[in-house]
Amino acid sequence: MTSRRRIRWTALGAGALLAGSLAACGGSSTASGAPTLNWYINPDNGGQQKIAQDCSAQSNGQYSIEVSILPSDAAQQREQLMRRLAGNDTSIDMMSLDPVFVPETSEAGFLAPVPEDLQQKWSDGVVEGAVTGATWKDQLVAAPFWANTQLLWYRKSVAQAAGLDMTKPVTWDQLIQAAKAQKTAIGVQGQRAESMTVWVNAMIASAGGKVIENPDAKGPDIELGLESDAGEAAAKVMQDITAAGVGGPGIDNRDEAATANLFQQGGADFMVNWPFVYAQGKSAADEGTMDQAIFDDYGWTTYPAMAEGKAAAPPLGGIDVGVSAFSEHKDAAFAAVSCIVSEQNQAAYMVSDGNPAALESVYDDPTVQEAYPMYDTIRTSLQAAQPRPQTAYYNEVSQGIADQWQPVSGVSDSTPTSSQKYIGEVLKGEKLL
């Protein structure tokens, strides 16, 4: 999944992106003969367009980069890219990929093999989870660009009133009890979508389990780990949230943006979400749509643990950049990707668009530290983060989880077993999603 963040389209950014998109349809080379590379990007605030312009200028005429915008929904991004790539579409030179779609894209032969020297260059200094997400069958097949992770956000005043010591890791159970005592809610993403897989995977991984035990296997041979002690622990958290009445309004229809709004508006005083919520809250306070005192009450720490004394495995998101196997300008595209994921560009992109860098060194940049005072918590979370299952059958597994673990109020002791049976039948071709 593309890590979820609120898309704020500025007139300049949207206009520039649209211009790039239209220009990309016009051809693949400049008047001077240098190739025009077409980069398919996920929507953002214009940061990738800026990087494309900067890298074009820095190439000294070797190439120029135009961008084309994918849909905002991760599943729709996948569908559009797969459809084009399956048709050997040569108009795609580079593509921004959610890590969960890297194995499927690589397994299908849609990614150009990364030269050996670039495999090392693109991995050095990158957080381990991001390297894992860009790797398939022991080969780095795309360049880690940014590497998102979820934190636990809270109102400092409410956590203090509840007696929670937020300088130490807290558990889901402690959060549930605190929210119940303070008559507030915990913001979670209960929507029947990719975000449900993010939540379920994080809880199972934090409990020491795996959604898939053998991710390299072919579909019918995949061994699922949902029916396990870790799966039961994940289901219990959801049952406890429902029983305590701390899920908050609209839990079954909330994605990350809706959860952020709920927290911002006081409907929940605890929340698990990506770091974009800080920039969103700051913007609201600056614009006067939220009291400054509320923003000043924002607190953050690492993801909730499943049990006291057991470290959490937070969700890992982000974006990798791959070169299409059907590009007619692969050498130029690889050079362009090296520019796109440079330390300088990752730092600038984190500041401008709020998406955390994959390179650990970026967190030592003073401009990043000033823009994101929780930079060290993000870095700590990234170091412990676990990616969702890296499998060529991710779409089937993720949709199966979303179908079976939603609504949250419907999750029971039998959900881990029933979801494992359902997804297993889908993977064996015995049932349709």
State to the nearest 20 debye the size of the charge dipole of the chain about its Cα centre, where the only charges are +1 on K and R beta carbons and -1 on D and E beta carbons. 740 debye
Could you give the dipole magnitude of segment 155-194 about its Cα centre, charging the beta-carbon of Lys and Arg +1 and that of Asp and Glu -1, in debye to the nearest 20? 160 debye
Roll a 1.4 angstrom probe over the protein heavy atoms and tell me the percent of accessible area of the chain that is carbon or sulfur. 47 percent
Contour minus end-to-end for Asp252 and Lys183, with contour as 0.36 nm per residue of separation and end-to-end as the Cα-Cα distance? 22.9 nm
Cut-off 15 Å between beta-carbons: net charge of the residues surrounding Val323, Lys and Arg +1, Asp and Glu -1: -4
Only Lys, Arg (+1) and Asp, Glu (-1) charged, at Cβ; segment 270-401 dipole about Cα centre in debye: 480 debye
Partner lysines for Lys168 [C-alpha distance under 18 Å; skip if fewer than 8 residues away on the same chain]: Lys156, Lys310
From the phi angles alone, apply the Karplus equation (6.51, -1.76, 1.60; θ = phi - 60°) to segment 65-71 and give each ³J(HN,Hα) in whole Hz, x where the residue is Gly or Pro. 10, 10, 10, 10, 9, 7, x
Using only the alpha-carbon atoms, how far is helix 276-287 inclined from the longest principal axis of the chain? Give it as 0 to 90 degrees, nearest 10. 90 degrees
Hull surface divided by four, with the convex hull built on the Cα atoms of segment 210-284: how many nm²? 7.1 nm²
Solvent-accessible area per residue for the chain (1.4 angstrom probe, square angstrom): 39 Å²
Can you pull the accessible area of Lys428 for me, 1.4 Å probe, Å² to the nearest 10? 110 Å²
Length gain on complete extension for the stretch Asp138 to Gln369, per 0.36 nm per residue less the alpha carbon to alpha carbon distance? 79.8 nm
Partner lysines whose C-alpha sits under 21 Å from that of Lys218, ignoring same-chain residues fewer than 8 away, are Lys137, Lys210, Lys421, Lys428, Lys431
If each residue of separation counts as 0.36 nm, what is the full-extension length gain between Met166 and Glu328 once their alpha-carbon separation is subtracted? 53.0 nm
Once you keep just the Cα pairs under 8 angstrom separated by 6 or more residues, what percentage relative contact order results for segment 27-98? 39 percent
Simple spin-label estimate for Ser361/Lys431, 7 Å along Cα→Cβ, in nm, reads 5.0 nm
Residues meeting the amide H criterion for Ile65 (H placed from the backbone, H to H distance under 5 Å, 5 or more places apart or on another chain) are Leu37, Ser56
Among Trp172, Ala305, Gly208, the residue whose Cα sits farthest towards the positive end of the charge dipole of the chain, when +1 is placed on the Cβ of each Lys and Arg and -1 on the Cβ of each Asp and Glu, is Trp172
Give the residues of segment 94-108 whose amide nitrogen is closer than 18 Å to a point set 7 Å from the Cα of Gln76 in the direction of its Cβ. 96-98
If I ignore ligands, DNA and RNA and count only protein heavy atoms, how much of Lys180 is accessible to a 1.4 Å probe, in Å² to the nearest 10? 120 Å²
What per residue convex hull volume, in Å³, do the alpha-carbon atoms of segment 193-331 yield? 196 Å³
For the Ser157, Ala243 Cβ pair and Förster radius 25 Å, calculated FRET efficiency rounded to 0.05 is 0.45
Relative to the longest principal axis of the C-alpha atoms of the chain, give the angle of the C-alpha long axis of helix 172-181, reported between 0 and 90° and rounded to the nearest 10°. 60 degrees
Taking the 0 to 90 degree range and rounding to the nearest ten, how far is the long axis of helix 194-206 tilted relative to the main principal axis of the chain, both from C-alpha atoms? 60 degrees
Out of every Cα pair in segment 50-132, what percent are spaced more than 15 Å from each other? 68 percent
Give me the compactness ratio for the chain, meaning the Cα radius of gyration over 2.2 N^0.38 Å. 0.97
Taking just the C-alpha trace of segment 288-433, give me its Rg and Dmax in Å. 20.6, 55
Semi-axes (Å, rounded, descending) of the ellipsoid equivalent to segment 138-266 per its C-alpha gyration tensor are 30, 18, 15
Between Thr302, Thr380, Thr167, find the one with the highest GNM mean-square fluctuation for the chain; connect C-alpha pairs within less than 10 Å. Thr167
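The values are calculated or read from the model by the stated rules, or taken from the named source; none is laboratory data. Every value quoted in this text rests on a predicted model; they were computed, and no experiment measured them. Here the Cβ is made from the backbone with ideal geometry for all residues, glycine too, and neighbour counts use every protein chain on show. All accessible areas refer to the heavy atoms of the entire protein, side chains included, with ligands and DNA or RNA removed. Shrake-Rupley method; radii C 1.70, N 1.55, O 1.52, S 1.80 Å.
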